[in-house]
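Right, one structure below, let's go through it.
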Amino acid sequence: MFKVIYSDTSFKNIMESAAATVLQRAVEMDKKEQYTMALVLYQEGVQILIDTMKETKNPTKQKHFANRTSEYLSRAEKLKDLIDQRKVAGTYREIIKIENGSTGNSYASVFGRFLDATVTYIQIEDPYIRAFHQCQNFVRLCELAVKKCRALSTISLVTTLDEDDKQHQVARLEELRQSLMSHLIRFEFSFSDTLHDRQISLSNGWVIKIGRGLDYFKPPNGKFVLGVCDLELRPCLETTVDIFHRNDLDKNVI
């Protein structure tokens, strides 16, 4: 068994390059006013810079990393304050455009940062949690929520009834209910004949509206190809994601 052994210099160069890549992405998101994503990336990039600085003996390099760390930390703090101010004012909004055929748009990447330890309740409205693959996508969302929302107690789904295959649709959702129950999470689902809007409402006030709902991925080109299991690698259909914050949401959904 072979191991790749890096010299101290090459390892530091790799870390420095990784920090530069993440922080460049943060600046891009910042310019696009996708501030919550920018904030996450700034924090990730700064941590890599700090780790690199700890491994660096060169005083000039240390000073350079320290200056860059301070610069990006300052911007991250300003972004955090900006997000908080707009949340209070009810004016925070992010628009994400997912291009046709693009990858890297899993649920975790698109809105996973809003699923945190403060979330106790998730309400999903999506008329197309009916077919087998649509129910699978819904399970993927629930898996993400269970991993990230440690205080989660309830997931609620409103969808439409598949009149041509309602027996299998209900059976899938019932099976999911039992699975979530084993994690002490209550799962409620109901059907609406008039449902059209698609949105995910979180008890921490964040609302995610996806034009196509959860079903914005293209079918995989085979059963043993990249993207079958990992949606981060699955090409997408074109859609728009509208994310905003409502202070009154908690009392409306619970």
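The values are calculated or read from the model by the stated rules, or taken from the named source; none is laboratory data. No experiment lies behind these values; they were computed from the predicted model shown. Cβ coordinates were reconstructed from backbone atoms using ideal geometry, including for glycine residues, and neighbour counts include every protein chain displayed. These accessible areas exclude ligands, DNA and RNA; they are computed on the full protein's heavy atoms, side chains included. Shrake-Rupley method; radii C 1.70, N 1.55, O 1.52, S 1.80 Å.
Points to keep in mind about this one:
- Unique match (being over 21 Å from GLY213 (Cα atoms), assigned to a helix (DSSP H, G or I) and open to solvent by 10 Å² or more (accessible area, probe 1.4 Å)) among ALA151, ALA171: ALA171
- Residue satisfying condition, being surrounded by 14 or more Cβ atoms within 10 Å (Cβ to Cβ), under 23 Å from TYR121 (Cβ atoms) and modelled with pLDDT under 95, within set LEU202, LEU195, LEU214: LEU195
- Filtered residue count, region 16-61, keeping only those that are open to solvent by less than 20 Å² (accessible area, probe 1.4 Å) and not in a helix (DSSP H, G or I): 1
- Tally of residues being surrounded by fewer than 19 Cβ atoms within 10 Å (Cβ to Cβ), over 18 Å from ALA171 (Cα atoms) and among the hydrophobic types (A, V, I, L, M, F, W, C) across region 108-141: 2
- First in region 103-121 and more than 14 Å from PHE217 (Cα to Cα), second anywhere and at pLDDT 95 or above and of a type in the set (Ser, Thr, Tyr), Cβ under 6 Å, 6 or more apart: ARG113/THR36; VAL119/SER203; THR120/SER153; THR120/SER203; TYR121/THR154; TYR121/SER203
- GLU163 at pLDDT 95 or above, at negative phi and acidic (Asp, Glu): no
- Meets criteria (modelled with pLDDT under 95 and open to solvent by 50 Å² or more (accessible area, probe 1.4 Å)) for LYS97: no
- Region 73-109, residues that are among the basic types (Lys, Arg) and over 19 Å from the mean Cα position of the chain (by Cα): ARG75, LYS78, ARG86
- Subset of region 238-254 (residues that are at pLDDT 95 or above and either crowded, with 16+ Cβ neighbours inside 10 Å or acidic (Asp, Glu) (or both)): GLU238, THR239, VAL241, ASP242, ILE243, PHE244, HIS245
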